[in-house]
């Protein structure tokens, strides 16, 4: 009888820990989604505004001069590390790390097989620290994207891209292609690791 009580107590403790972890994971997932939404919304608004004023050339300027700082600012505001990554990056700072590369490659395979792409969220240990990682696909969803990332790029836009990004790999896309991802990292607080 005593063993049954001990077993029931341990089972209850494990269940409580699991429920607590689930609530924490849900909160982290919501933070990661909110940061991704904010970057997407603010960056698209800025790109659209600049495009209306000066075409694709102004869009290239926004991406080269504003996108990185805007993404970092939103990360600070949201309390996360966020960036945009791609297997065919334009900016070298947007090259994926090993985990991001695996996710992007899996999404490429899924996309080519006609499967819907799903966000990915998981705990990982990196450099001895537990980190919550989240990725959400970025698709080529508007014809406007193709003016800088498609196959029919105007010569003046192509020249501007080459000037700012000599190692550019981010062209040749079509509507509906996987462009890359928002990648969010949230380190577990040190007190929670004990």
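Read-outs throughout are calculated quantities, based only on the coordinates presented, and are distinct from any laboratory measurement. These numbers come from a predicted model, not from an experiment. All Cβ positions, glycine included, derive from the backbone under ideal geometry; neighbour counts span all protein chains shown.
Rounded to the nearest 500, what is the chain's calculated 222 nm mean residue ellipticity when only DSSP H runs of at least 4 contribute -39500 (n - 2.57) each, over all residues?
Details: 5 runs with 108 residues, N = 194.
That calculation yields -19500 deg cm²/dmol at 222 nm.
For helix 2-65, report the angle its Cα long axis makes with the longest principal axis of the Cα atoms of the chain; keep it between 0 and 90° and round to the nearest 10°.
On a 0 to 90 degree scale, this one is about 10.
Given a 10 angstrom Cα cut-off, can you work out which residue in 50, 108, 122 is the most mobile in a GNM of the chain?
Answer for the Gaussian network model of the chain: 122.
Listed highest first by mean packing, meaning other Cβ atoms within 10 Å per residue, what order do 137-143, 28-34 come in? Could you put the intermediate results ahead of the total?
Details: 137-143: 15.1, 28-34: 16.9.
In descending order of packing, they fall as 28-34, 137-143.
Under 19 Å from the 7 Å Cα→Cβ point of residue 123, by amide nitrogen: which residues of segment 175-189?
184-189
Give me the angle, in degrees from 0 to 90, between the Cα long axis of helix 155-164 and the longest principal axis of the Cα atoms of the chain, rounded to the nearest 10.
Roughly 50 degrees between the two axes.
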